[in-house]
Structure formats: C-alpha cells, structure tokens
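The structure appears below as structure tokens.
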Amino acid sequence: MAAITRRSFLFALGGFLLAAPAASAIQIGGIEYMSLAQLASLCGMRYKTLVKNKTQEVYSKHTRMTFNLHSRSMNLNGMTVYLGHAVALYKGVLQISKRDYLKTIIPIVFPQNLGKPPKLFSIFIDAGHGGKDFGAQNKALKISEKNVALDIAARLGRELEKNGYKVSYTRTKDNFVELADRPKKANSAKADLFLSIHCNAAGDKSVRGIETYSLTPRWMPSTASAKMSKSDSVEHPGNSRDGWNKLLAYYIQRDMAKATRSPDRGIKKARFAVLKTPNMPSVLIETGFISNNTEGKLLATPAYRQKIASAICAGVMTYHNSLRRLAKK
C-alpha cells in the first residue's frame, strides 16, 4: 500500500494530539472519540456516508477505510483490521476512538510517523507447541498443530534465507518449549523480528480462514474481549513496538490472504504470552483451522504449507521494503 506523504499532516497530527480544543473531545462510555470528519481532515482525505447513521468511508486515491456503527473492525483497502473500541455515532457522524487512530490507523496508513524504522536482518521463527503439547488436532485427518507449524516454520526459514536473512528457530524438531522461553530465545539471539507460527481450531467445524495477531496496545481490550478490564492498563515490553507490530501484521495478513484465498479473518489484537516480551517487532500467525476439514486437508499437504510459507516471506519482505523507504526520508 502506498504511504501517503503530507508535510502538513505532521503538523496537524501534533496539533491535534497535543492541543486539541476541548470542544472536539467526545467521551463515549469513558472512551475519548473523534469523528470520521476529523479523521479525514487530519489524513488529508475525504469522507462520505454509504448508509445513513450506519456506514461511512474515509478515502483518498490510495487508501480506503470503511467503518460500520457498533463494529469493532474496519475495512482497510480490502483487509479486515480490528479496532480496540467499537465505532460509535454522534450527531449523525460515526466516531472512532482516538487511541485507535494512534495505534491502529497511523501505523498502517502513515508509518512515517512511527519514528526511526528498525533494522531487519535476523529473524526468529517460533513453531508453536511441540513435544507433549500437540496444540489443535484433527484426529480424523490425523494432523496436529505442532507438526504443521513445525513444517511451515522450516519452509519459511528456507524462504527467508534464500532472500538473504539470518534465521533462528525456537525448535527444529518435535520438542516441548515453555511459552516464556520462546521470546527469551529470540531476545538472546538479538533478533530483529519474531514470527510465531500456529494453526487454529473451533468448535464450529465450518469456521475457516487466516488471522494475524499483534500485541494489544495498553488501554485497549484485546479482540476476544468485549470490554476493558484491569489487565488492559498493564504495559508490556512488546508494547514499545506497537506501531511496527501492527504494520508487520498488516502486510503478512494481506499477502497470506492473497496467496491462499482463504477467508480473511483479520488483523487482530491479543496479549499472547509470546508477544508480551520480545524486544523486536513480533506477530503471531494463525495459518488456518485444522478443525475445518477442507482447510485441514489443505494444511496436511506440503504444497499448501509451502504456499503459506512463501506468502509469509512475501509479507516480511513487503514490510522490509517499507522500512527501507522510510529510512530514506
């Protein structure tokens, strides 16, 4: 996605965040919101109503964001991106939380405002589960998450190495690794990126699709939580890279959805243990639902696992290209 470069945006952003008029501050359910009209103005975009009091859009030549009343997700250039707080309505105009503006929209649409881009050479791959921990299973298909994740991790590592990256792993065989030790290994290796590979499962066997998670920012509920809780006030070491986490998740999810044609279940937020303490941008990738027989059969094949690995590698390289562009500015 082409980044929008507007010198005036930088000044508008700083002015809005640091000295916004009291009249523009709207409190809804204890959360500070801003209108889509304000969002459009700050981003140098336009906005329009698609369905009165229900659906509105903020758009430019390269970017289109669609919001629906009461929804905790938005559509950004065809991809589902989960917000921390539900979209609200005030005086006929949809509202999003100011924290979502900062932590969800800015990192993807205006990454040039995230500061100095991190370097990227050493990548740490975490194959989920292992050993006594089978993870999700489909006994009818005789597949388990630990084995599928390990194979995708190995394939991903080879793809990344072909493109010049240094790769390290949590595990390269079927052994058990404690959750807390996974990011510790990445930190010890002084990695520049942490990718945790998983498969999904659901009680409803019809559910399928891919998801990519970044660490939930402080003062936001995770995607799986309906409301704020006390734990949402805790800041974790991984939150120091919130913006880069989000940008990385977006590019990986986008390239996976394009390559696999699997349903896009969104770029989501969670406080998974492996995402809390890495010292580098990190994401957790759910490559599909083992519990779904159609997707499970695909995940059981080497060709599909290779397709996933190649797509994740493509997402990492798209992210890296973005870092290079930003470093030149």
Next item on the list: Please find, in a Gaussian network model of the chain (springs between Cα atoms separated by less than 10 Å), the residue of 75, 147, 239 whose mean-square fluctuation is greatest.
Entry: 75
Checklist line | Mean-position separation - Cα centroids, the stretch 65-110 and the stretch 273-329, in angstrom | finding: 24 Å
Notebook entry, point to check: Per the helix-only calculation at 222 nm, which mean residue ellipticity applies to the chain, given -39500 (n - 2.57) for every DSSP H run of n ≥ 4 and division by its residues, nearest 500 deg cm²/dmol?
Noted result: -10000 deg cm²/dmol
Margin query: Could you give the length gained by full extension between residue 300 and residue 227, i.e. 0.36 nm per residue of separation minus their alpha carbon distance, to one decimal place?
Written below: 22.6 nm
Notebook entry, point to check: Roughly how many Å is it from the Cα centre of the stretch 192-263 to that of the stretch 122-188, as a whole number?
Noted result: 17 Å
Notebook entry, point to check: Given Cα pairs under 8 Å that are at least 6 residues apart, what percent is the relative contact order of the chain?
Noted result: 18 percent
Note to self: Using only the alpha-carbon atoms, how far is helix 7-19 inclined from the longest principal axis of the chain? Give it as 0 to 90 degrees, nearest 10.
What the structure shows: 80 degrees
Next item on the list: Given a cut-off of 30 Å, name the pairs among 142/190; 103/162; 116/190; 119/205 whose C-alpha atoms lie farther apart than that in the structure shown.
Entry: 142/190; 103/162; 119/205
Item checked: Local net charge near residue 245, Cβ-Cβ under 11 Å (Lys/Arg +1, Asp/Glu -1) -> +3
Margin query: Just to be sure I understand: with springs between alpha-carbon atoms less than 10 Å apart, which residue in 68, 163, 187 has the highest mean-square fluctuation in the Gaussian network model of the chain?
Written below: 163
Item checked: 0 to 90° range, to nearest 10: angle between helix 242-260 axis and the chain longest Cα axis -> 60 degrees
Check: Where does the charge balance sit around residue 77 when Lys and Arg score +1, Asp and Glu -1, over other residues with C-beta under 10 Å from its C-beta?
Finding: +2
Next item on the list: Give me the net charge of residue 189's neighbourhood, meaning all other residues with Cβ under 13 Å from the Cβ of residue 189; Lys, Arg count +1, Asp, Glu -1.
Entry: +2
Check: Top mean-square fluctuation among 315, 131, 157, Gaussian network model of the chain, C-alpha springs under 10 Å?
Finding: 131
Item checked: Correct option for log10 I(q)/I(0) by the Debye sum over Cα atoms at q = 0.07, 0.12, 0.15 Å⁻¹ [calculated from the coordinates] among (i) -0.28, -0.83, -1.25; (ii) -0.29, -0.88, -1.37; (iii) -0.52, -0.81, -1.08 -> (i)
Next item on the list: May I ask for the angle, rounded to the nearest 10°, between helix 302-327 and the longest principal axis of the chain, with both axes built from Cα atoms and the value confined to 0 to 90°?
Entry: 40 degrees
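Each value in this text was obtained by applying a stated rule to the coordinates, not by laboratory testing. Remember, it's a predicted structure, so these values are computed and weren't measured experimentally. Neighbour counts are summed over all protein chains in view; Cβ atoms, including those assigned to glycine, are modelled from backbone coordinates with ideal geometry.
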